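Undergrad: Right, I'll just put the structure down here and ask away after.
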Amino acid sequence: MANTSNAGQGDFPIPITVEFTGGLELLFGNERKHKVVLPARLEDGSKPNISYLLKYLVDNLMKDQRIDMFIMEDNVRPGILVLINDADWELEGEETYELQQGDNIVFVSTLHGG
Amino acid sequence: MGSLDETCASLRAQITATEAQLAGLKRDLANAEQAAQSETAPTVEIQQEDQNGEGRRWPLLPEEYKRYGRQMIVSQVGLKGQLKLRSAKVLLVGAGGLGCPAAQYLAGAGVGTIGLIDGDTVEVSNLHRQVLHRTKNVGKYKVDSAIESLRELNPHPTYIAHRTHLTPEGAPAIFQDYDLILDCTDNPATRYLISDTAVLLGKPLVSASALRTEGQLMVLNNPPRAPSDKTGGPCYRCVFPKPPPADSVVSCADGGIIGPVVGAMGVLQALEAIKVITAPEIDGSSDASTARPRDPPSLHIFSAYSSPLVRTIRLRSRRANCAVCSADATVTLDTIKSGSMDYAFFCGAANLPSLLGPDERISALEYNQRHPIVPSASSQPHTVIDVRDEAQFGICSLENSINIPISNILSSGYSAGLQGTDNGQQAANVPSWLPSEVASPESTNPIYVVCRLGNDSQIVVKKMKELGLDQNGKRFIGDIRGGLRSWKEQVDSSWPEY
């Protein structure tokens with residue numbers, strides 16, 4: 001066990017934090033912050049990325065049935081920003097970004113009131 | 001009593017009128033004093049360039065040194081910044097929850113020209129957060145009401161009232177005369193219009209929004225470089241290339257808003273505006289490679305019930321294929337003015353559901369006749385389900401109604417009732433949100449669903465029928481058309497409207 005470190009952290013599950021704001025928390029049981037543990041490898045041997053996370057969230061965490069308030073055309077719906085460790089996901093490779101242990105992923109719905 | 005009330009009302013009206021007259025006289029006096037001072041001293045242009053010792057020695061009026069002294073002695077502002085503020089022309093689009101506090105601080109800070117554009121009039125429900133408007137100004141144009149307050153605060157700036165909603169045809173001509181734009185509006189279509197126009201006219205944009213307990217703030221198109229110049233700041237379209245689906249957009253009227261939340265966002269807009277206006281020129285602007293944005297583009301998210309209250313997110317830079325600020329731009333001033341860039345179409349309209357047939361709906365009046373509040377011998381037992389959220393139910397509710405918020409109903413899994421559509425099998429599959437006595441398969445007592453306006457109630461009726469709760473039509477499930485708003489109109493005029 002102690003010598004597996006060279007095999008990379010890929011062999012350990014990946015704990016991350018997921019947050020919802022801007023009203024999206026209402027779709028997730030009105031909880032803003034969620035701890036999620038993703039598998040180190042998926043069935044096809046790849047590492048979990050944001051695409052996988054989106055599906056995971058819909059299947060496991062989302063309480064509301066209105067899935068199109070979160071996902072449209074297999075991606076986050078327009079008007080939602082995805083932040084990877086406090087940066088716009090477009091700076092990090094969008095849905096192909098592979099999640100790392102301890103990552104903080106925030107989904108922000110834009111507000112329009114004023 | 002009646003005549004005493006009348007006397008009080010008359011006196012109040014006279015006091016209001018006299019106060020307005022007094023304010024007008026004070027304004028005239030201030031203007032006259034200013035005119036007298038500038039007659040004995042040089043004209044405005046010379047005031048601004050008297051470093052050479054020509055004309056008057058001091059660029060500001062004595063009263064202005066006192067008035068702005070506390071901010072001028074802050075090194076980031078200084079006299080130089082104060083003079084920039086005085087020559088700045090700022091347009092605020094929207095004189096509501098964001099625009100009021102933003103305008104108040106900009107006027108206080110001595111911004112020389114402040115334009116306000118808004119076609120709305122003041123409503124009582126605005127007053128808890130739109131801090132420039134006074135109770136006596138309900139019904140007045142918001143821009144006039146706001147400017148009245150701003151003049152009392154600071155008579156020096158020039159105030160310009162645009163008593164209209166911003167339109168694509170009119171936006172470029174209005175924006176042209178200003179240096180900086182503040183987006184203080186409340187809907188996506190106007191936000192895209194403002195951003196597009198600001199980019200194409202080269203104006204930086206301070207954009208904010210707020211809802212319930214949260215707010216968002218961005219400084220966009222800063223620096224305001226030409227479209228295709230990648231060193232310019234991103235625009236609203238770079239961040240949100242596609243508008244959100246219209247039915248995901250919630251207004252303050254529907255979702256609610258805490259006054260200080262939107263107030264904080266408006267104040268922060270004023271702060272960002274002052275930072276943009278007073279920012280030192282970047283030396284060597286001839287060298288485009290060093291002329292980088294002053295701050296990396298950011299989104300500030302305010303959340304009243306989180307800690308920290310504000311978190312800041314790094315945003316992307318200009319989008320290489322942005323429809324407005326890239327080399328491939330398709331939106332131009334001409335497509336905006338001609339209407340071929342159709343903002344209403346781009347953002348869509350929420351389709352208010354009309355999910356139910358006429359036989360599945362009942363008017364408030366008819367409901368009240370069928371089931372009067374004081375039950376008669378012939379009145380039938382029934383269930384009223386109010387699907388508003390708990391806070392709204394707590395403000396006012398119908399006698400004997402039960403509260404099941406629509407969010408609870410929609411968050412229950414599909415599995416609950418899917419197998420329950422066989423006759424008589426529902427009992428085992430009653431959804432957890434429905435009290436068992438209501439769901440009982442023996443009961444055919446009607447179920448009425450009600451909400452604030454009659455939209456959510458239709459969704460719930462449809463959902464309940466999908467779950468088989470209507471026992472294949474043996475049990476009436478319908479909604480009260482027009483919701484509690486109709487109840488007030490048709491049945492109970494004392495019903496509180498919130």
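Undergrad: Collect the residues in region B:314-332 that are away from every other protein chain (no Cβ under 14 Å) and farther than 13 Å from B:A226 by Cα, keeping them in residue-number order.
TA: Correct list: B:T330, B:V331.
Undergrad: While we're here: Sort through B:A198, B:A208, B:A171 and tell me the only one that's within 17 Å of B:V90 (Cα to Cα), at the interface with chain A (Cβ under 10 Å from one of its Cβ atoms) and either surrounded by 20 or more Cβ atoms within 10 Å (Cβ to Cβ) or within 22 Å of the chain's Cα centre (by Cα) (or both).
TA: B:A208
Undergrad: Additional query: Can you go through A:L61, A:L54, A:L83 and tell me which one is touching a strand residue (DSSP E or B) at 6+ places or on another chain (Cβ under 8 Å), within 9 Å of another protein chain (Cβ to nearest Cβ) and at negative phi?
TA: None of the other options fit; the residue is A:L83.
Undergrad: Given the conditions (1) of a type in the set (V, I, T); (2) free of Cβ contacts under 8 Å to residues at least 24 places away in the same chain; (3) touching a Leu at 6+ places or on another chain (Cβ under 9 Å); (4) farther than 25 Å from B:F346 by Cα, which single one is not true for A:V58?
TA: With (1) of a type in the set (V, I, T); (2) free of Cβ contacts under 8 Å to residues at least 24 places away in the same chain; (3) touching a Leu at 6+ places or on another chain (Cβ under 9 Å); (4) farther than 25 Å from B:F346 by Cα applied to A:V58, the lone miss is (3).
Undergrad: Can you go through B:V138, B:V111 and tell me which one is closer than 30 Å to B:P59 by Cα, modelled with pLDDT of 95 or more and not small (G, A, S)?
TA: Numbers: B:V138 fails: closer than 30 Å to B:P59 by Cα.
Exactly one of B:V138, B:V111 is closer than 30 Å to B:P59 by Cα, modelled with pLDDT of 95 or more and not small (G, A, S), namely B:V111.
Undergrad: Of the residues B:S125, B:S145, only one is at pLDDT 95 or above, touching a His at 6+ places or on another chain (Cβ under 6 Å), more than 22 Å from B:L61 (Cα to Cα) and part of a helix (DSSP H, G or I); which? Don't jump to the end; show me each part of the working.
TA: Working: B:S125 fails: touching a His at 6+ places or on another chain (Cβ under 6 Å).
That would be B:S145, the only listed residue that is at pLDDT 95 or above, touching a His at 6+ places or on another chain (Cβ under 6 Å), more than 22 Å from B:L61 (Cα to Cα) and part of a helix (DSSP H, G or I).
Undergrad: Name the one entry in A:E90, A:E95 that is among the charged types (D, E, K, R), more than 20 Å from B:R212 (Cβ to Cβ) and more than 12 Å from chain B (Cβ to nearest Cβ).
TA: Testing whether each residue is among the charged types (D, E, K, R), more than 20 Å from B:R212 (Cβ to Cβ) and more than 12 Å from chain B (Cβ to nearest Cβ) leaves just A:E95.
Undergrad: Six or more apart or on different chains, Cβ under 6 Å: which pairs go from a residue in region B:81-103 that's within 14 Å of chain A (Cβ to nearest Cβ) to one that's among the small types (G, A, S) and part of a strand (DSSP E or B)? Could you list them?
TA: These pairs meet every condition: B:L98/B:A208.
Undergrad: Is at least one residue of region B:219-238 aromatic (F, W, Y), farther than 21 Å from B:G108 by Cβ and free of Cβ contacts under 8 Å to residues at least 40 places away in the same chain?
TA: Taking every residue of region B:219-238 in turn, none turns out to be aromatic (F, W, Y), farther than 21 Å from B:G108 by Cβ and free of Cβ contacts under 8 Å to residues at least 40 places away in the same chain.
Undergrad: Might you let me know whether region A:103-114 holds any residue that is crowded, with 16+ Cβ neighbours inside 10 Å, among the small types (G, A, S) and part of a strand (DSSP E or B)? Steps first, please.
TA: Let us first name the residues in region A:103-114 that are crowded, with 16+ Cβ neighbours inside 10 Å, namely A:103, A:105-114.
Keeping just the survivors that are among the small types (G, A, S) gives A:109, A:113-114.
Among the residues that remain, those that are also part of a strand (DSSP E or B) are: A:109.
Yes, region A:103-114 has at least one match.
Undergrad: Here is a list: B:G112, B:G139, B:G108. Which entry is more than 14 Å from every other protein chain (Cβ to nearest Cβ), surrounded by fewer than 16 Cβ atoms within 10 Å (Cβ to Cβ) and not aromatic (F, W, Y)?
TA: Just one listed residue meets the conditions, B:G139.
Undergrad: Right, next: With the checklist (1) more than 10 Å from chain B (Cβ to nearest Cβ); (2) within 30 Å of B:I117 (Cα to Cα); (3) of a type outside the set (F, W, Y) in hand, flag the one item A:G113 doesn't pass.
TA: (1)
Undergrad: Can you find a residue that is out of contact with any Phe, Trp or Tyr (no Cβ under 7 Å at 6 or more places or on another chain), more than 9 Å from every other protein chain (Cβ to nearest Cβ) and assigned to a loop (DSSP other than H, G, I, E, B) anywhere in region A:20-28?
TA: No, because not a single residue in region A:20-28 is out of contact with any Phe, Trp or Tyr (no Cβ under 7 Å at 6 or more places or on another chain), more than 9 Å from every other protein chain (Cβ to nearest Cβ) and assigned to a loop (DSSP other than H, G, I, E, B).
Undergrad: Taking the condition of being over 23 Å from B:R388 (Cα atoms), facing another protein chain (nearest Cβ under 9 Å) and in contact with a strand residue (DSSP E or B) (Cβ under 6 Å, 6 or more places away or on another chain), how many residues in region B:254-272 meet it?
TA: Residues flagged as over 23 Å from B:R388 (Cα atoms), facing another protein chain (nearest Cβ under 9 Å) and in contact with a strand residue (DSSP E or B) (Cβ under 6 Å, 6 or more places away or on another chain) within region B:254-272 amount to 2.
Undergrad: Turning to a different aspect of this structure: Which condition from (1) surrounded by 14 or more Cβ atoms within 10 Å (Cβ to Cβ); (2) more than 9 Å from chain B (Cβ to nearest Cβ) is the one that A:E31 breaks?
TA: Single failed check for A:E31: (1).
Undergrad: Now, a different point. Kindly list the number of the only condition in (1) closer than 23 Å to B:D247 by Cβ; (2) assigned to a helix (DSSP H, G or I) that fails for A:E95.
TA: (1)
Undergrad: Follow-up question, since we're still on this one. Does B:R316 satisfy being at pLDDT 90 or above, more than 30 Å from B:L453 (Cα to Cα) and in contact with a Leu (Cβ under 7 Å, 6 or more places away or on another chain)?
TA: On the way: at pLDDT 90 or above: yes; more than 30 Å from B:L453 (Cα to Cα): yes; in contact with a Leu (Cβ under 7 Å, 6 or more places away or on another chain): yes.
For B:R316, the condition - at pLDDT 90 or above, more than 30 Å from B:L453 (Cα to Cα) and in contact with a Leu (Cβ under 7 Å, 6 or more places away or on another chain) - is met.
Undergrad: Among the numbered conditions (1) buried (at least 23 other Cβ atoms within 10 Å of the Cβ); (2) without any contact (Cβ under 8 Å) to a residue 60 or more places away in the chain, tell me where B:H162 comes up short.
TA: For B:H162, the failing item is (1).
Undergrad: Also, I was wondering about something else. I'd like to check which helices (runs of 4 or more DSSP H) are fully inside region B:411-498 and have at least 3 residues that are at pLDDT 90 or above and over 30 Å from A:V58 (Cα atoms). Spell out the reasoning first.
TA: Numbers: elements: B:415-418, B:436-439, B:456-466, B:483-490.
In region B:411-498, the matching helices (runs of 4 or more DSSP H) lie at B:483-490.
Undergrad: So how many residues does region B:219-245 have that are among the hydrophobic types (A, V, I, L, M, F, W, C) and more than 10 Å from chain A (Cβ to nearest Cβ)?
TA: Filtering region B:219-245 for residues among the hydrophobic types (A, V, I, L, M, F, W, C) gives B:219-220, B:226, B:235, B:238-240.
Then keep just the ones that are more than 10 Å from chain A (Cβ to nearest Cβ); that gives B:219-220, B:226, B:235.
Of the residues in that region, 4 qualify.
Undergrad: Further question on the same structure: Which condition number does B:S38 fail, the rest of (1) loosely packed, with under 11 Cβ neighbours inside 10 Å; (2) modelled with pLDDT under 75 being met?
TA: Failed condition: (1).
The values are calculated or read from the model by the stated rules, or taken from the named source; none is laboratory data. Every value quoted in this text rests on a predicted model; they were computed, and no experiment measured them. FYI the Cβ positions are ideal-geometry reconstructions off the backbone, even for glycines, and counts take in every protein chain you see.
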